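To start, the structure itself, in structure tokens.
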Amino acid sequence: MMRKIFVIPLLVVLLLPILSACWNQKELTDLAFVMAMGIDKGEHKKFDVSFQIVNPGNVSSGQNGGGQGLPIAVYKSSGDTLTEAARKATKKISRRLYYAHTNLIVVSEEVARNGLLDIIDALDRDPEFRTTTELVVMRGGSAELLVSALANLDKMPVNKITKEIKATEAMFGENMSINIDYFLEGLVSKGKEPIVNGFKITGNKDMVGAANELQHTRTEAVIAADGLAIFKKGKLVGWITREKARGVIWILDRIKSTAVNIDWNGKKDAITMALLRSKTKVSVKIKNEKPVIHIAIEDEGWISEANTNVDLMNPTEIEKIDRLIEKEIKRQILATVKEAQKMKADILGFGESVHRKDPKLWNKLKENWGDHFANLEVTVEVNSFTRREGIRTKPFWSDFNK
């Protein structure tokens, strides 16, 4: 009994150090939550870094940023490294910068052309920073401008951009979610170069960040996704846009839905097929010690528009539509491949496919893969199937033209 009296207090004393769970606690009032970062070329230092910081008191239910005040504040700091710029920012901000909720990194086109190698390590190394953060390139303007923009429909402006990427990926197919992890994967791979979503601001750029912009039903400064930035060895080498950008997403098997137009009865873009599902498979054949790439696409869709006289109940007509859809998709895919080959940037991952098919051949080609990629033979096969015709099987054009 006496032994227990001494042992129990001793155990309690020994356990106290490991039971103190709040040794590294941080008070919310001491933190500045960084929602987005913008990186521009500096005037006196290498980088000008903008920090979009949430103002919690102004992000409340029923407010859209204009009632109680703006939902964000943007501070700018300079440094020859991201770490230096972030630490110098504390001279202007009364709280410690906190990156656990950072959802967006914006780099200017100028910084991207000089290369992202000097910034990507800091983003990947910091344990507080999430590498699932979205990465975008600002076209024709500063990253600070995009980070400072406000939005009508979303209380947090950063959500406008991240949601826009997801929306266009799901419905249009010219962009896809690209985070720091995805960029790093392409950066270190010899058989695939990275891509990054491009954004621009159209309209009156002087209205960016203005509180009264939120009071207008018609936005004067519009944030919009705009193509894909093509990187090679960590540097921006060019852009791919519109149908060719969609072709990239298609070849990477990341297309979820989109719309394909075809001509009918001599009328341009008379019929539209909306994609329901699609599957892309890239395979390699070796021909005379050279790789030949074959892209096979199988998709299903429905007729979302028929602005001409066409009998959608006739299987023969549907079959003709499917063949025209196949031809159009094939044209777009081949145009995409040629555009990437012009830049000698294998953003399509053909090198990785060659590596899987024939590692020995790949070892011979990998050092000059850009040149080999530019001269690759590529074939495309598309199988398209119309599964539905919408709720109207007979277009009104049939009666209208009688």
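The values are calculated or read from the model by the stated rules, or taken from the named source; none is laboratory data. Since the model is a prediction, treat every value here as computed from it, not as a measurement. Here the Cβ positions follow ideal geometry from the backbone for every residue, glycine too, while neighbour counts run over all protein chains shown. Remember, those area values only see protein heavy atoms, side chains included, never the ligands or the DNA or RNA. Shrake-Rupley method; radii C 1.70, N 1.55, O 1.52, S 1.80 Å.
Could you check segment 20-84 for strands (runs of 3 or more DSSP E) lying wholly inside it with 1 or more residues that are open to solvent by 70 Å² or more (accessible area, probe 1.4 Å) and modelled with pLDDT of 90 or more? First the steps, then the outcome.
Details: elements: 31-41, 47-54, 72-79.
By residue number, 31-41, 72-79.
State whether the residues of segment 153-168 include one that is among the small types (Gly, Ala, Ser), more than 28 Å from Ser78 (Cβ to Cβ) and at pLDDT below 90. Walk me through it before giving the result.
First, pick out the residues of segment 153-168 that are among the small types (Gly, Ala, Ser): 167.
Now narrow it down to the ones that are more than 28 Å from Ser78 (Cβ to Cβ): 167.
Now restrict to residues that are at pLDDT below 90: 167.
Taking every residue of segment 153-168 in turn, at least one turns out to be among the small types (Gly, Ala, Ser), more than 28 Å from Ser78 (Cβ to Cβ) and at pLDDT below 90.
Could you identify the single residue in Glu317, Glu298, Glu367, Glu326 that is among the acidic types (Asp, Glu), within 30 Å of Phe385 (Cα to Cα) and open to solvent by 40 Å² or more (accessible area, probe 1.4 Å)? First the steps, then the outcome.
Values: Glu317 fails: open to solvent by 40 Å² or more (accessible area, probe 1.4 Å); Glu367 fails: within 30 Å of Phe385 (Cα to Cα); Glu326 fails: open to solvent by 40 Å² or more (accessible area, probe 1.4 Å).
Just one listed residue meets the conditions, Glu298.
Within 24 Å of Ala374 (Cβ to Cβ) and either touching a strand residue (DSSP E or B) at 6+ places or on another chain (Cβ under 7 Å) or among the aromatic types (Phe, Trp, Tyr) (or both) - does that describe any residue in segment 163-171? Don't jump to the end; show me each part of the working.
Within segment 163-171, the subset within 24 Å of Ala374 (Cβ to Cβ) is none.
Within segment 163-171, none of the residues are within 24 Å of Ala374 (Cβ to Cβ) and either touching a strand residue (DSSP E or B) at 6+ places or on another chain (Cβ under 7 Å) or among the aromatic types (Phe, Trp, Tyr) (or both).
Select, from Glu134, Glu144, the only residue that is of a type in the set (Asp, Glu) and within 18 Å of Ala229 (Cα to Cα).
Values: Glu144 fails: within 18 Å of Ala229 (Cα to Cα).
Only one candidate passes the filter, namely Glu134.
I'd like to check something: does segment 238-246 contain any residue that is more than 30 Å from Arg113 (Cα to Cα) and hydroxyl-bearing (Ser, Thr, Tyr)?
First, pick out the residues of segment 238-246 that are more than 30 Å from Arg113 (Cα to Cα): none.
Within segment 238-246, not a single residue is more than 30 Å from Arg113 (Cα to Cα) and hydroxyl-bearing (Ser, Thr, Tyr).
Give segment 308-334 a look and list any residue that's farther than 16 Å from Glu377 by Cβ and among the hydrophobic types (A, V, I, L, M, F, W, C), or say none. Even if it seems obvious, please write down each step before you answer.
Quick first cut of segment 308-334, residues farther than 16 Å from Glu377 by Cβ only: 308-329, 331-332.
The answer is Val310, Leu312, Met313, Ile318, Ile321, Leu324, Ile325, Ile329.
Check off (1) assigned to a loop (DSSP other than H, G, I, E, B); (2) farther than 16 Å from Val106 by Cα; (3) open to solvent by less than 10 Å² (accessible area, probe 1.4 Å) for Lys155 and give me the number that stays unchecked.
Exception for Lys155: condition (3).
Considering only residues that are open to solvent by 40 Å² or more (accessible area, probe 1.4 Å) and part of a loop (DSSP other than H, G, I, E, B), which ones fall in segment 344-355? Let's see the steps before the verdict.
Just the residues of segment 344-355 that are open to solvent by 40 Å² or more (accessible area, probe 1.4 Å), to begin with: 344, 352, 355.
The answer is Lys344, and nothing else.
Would you call Ser384 surrounded by 15 or more Cβ atoms within 10 Å (Cβ to Cβ), at pLDDT below 95 and among the hydroxyl-bearing types (Ser, Thr, Tyr)? Even if it seems obvious, please write down each step before you answer.
Numbers: surrounded by 15 or more Cβ atoms within 10 Å (Cβ to Cβ): yes; at pLDDT below 95: yes; among the hydroxyl-bearing types (Ser, Thr, Tyr): yes.
Yes, satisfied.
With respect to Lys290, is the statement that it is open to solvent by 50 Å² or more (accessible area, probe 1.4 Å), among the charged types (D, E, K, R) and at pLDDT 90 or above true? I'd like the intermediate steps shown before the answer.
Working: open to solvent by 50 Å² or more (accessible area, probe 1.4 Å): yes; among the charged types (D, E, K, R): yes; at pLDDT 90 or above: yes.
Yes; evaluated as a whole, the condition is true for this residue.
Pairs please, first residue from segment 146-171 and farther than 16 Å from Met37 by Cβ, second anywhere and of a type in the set (Lys, Arg) and part of a helix (DSSP H, G or I), Cβ atoms under 8 Å, 6+ apart in sequence or on different chains.
Taking only residues 6 or more apart or on different chains, the pairs are Ala151/Lys160; Leu153/Lys160; Asp154/Lys160; Asp154/Lys163.
Between a residue in segment 316-334 that is assigned to a helix (DSSP H, G or I) and any residue that is surrounded by fewer than 17 Cβ atoms within 10 Å (Cβ to Cβ), which pairs come within a Cβ distance under 7 Å, given they are 6 or more apart or on different chains?
If the second residue must be surrounded by fewer than 17 Cβ atoms within 10 Å (Cβ to Cβ), the pairs left are Glu317/Asp311; Asp322/Phe385; Glu326/Asn383.
What strands (runs of 3 or more DSSP E) completely inside segment 179-279 contain at least 1 residues that are modelled with pLDDT of 90 or more and open to solvent by 30 Å² or more (accessible area, probe 1.4 Å)? Before you say what the answer is, go through the steps one by one.
Values: elements: 195-203, 221-232, 235-240, 259-264.
In segment 179-279, the matching strands (runs of 3 or more DSSP E) lie at 221-232, 235-240, 259-264.
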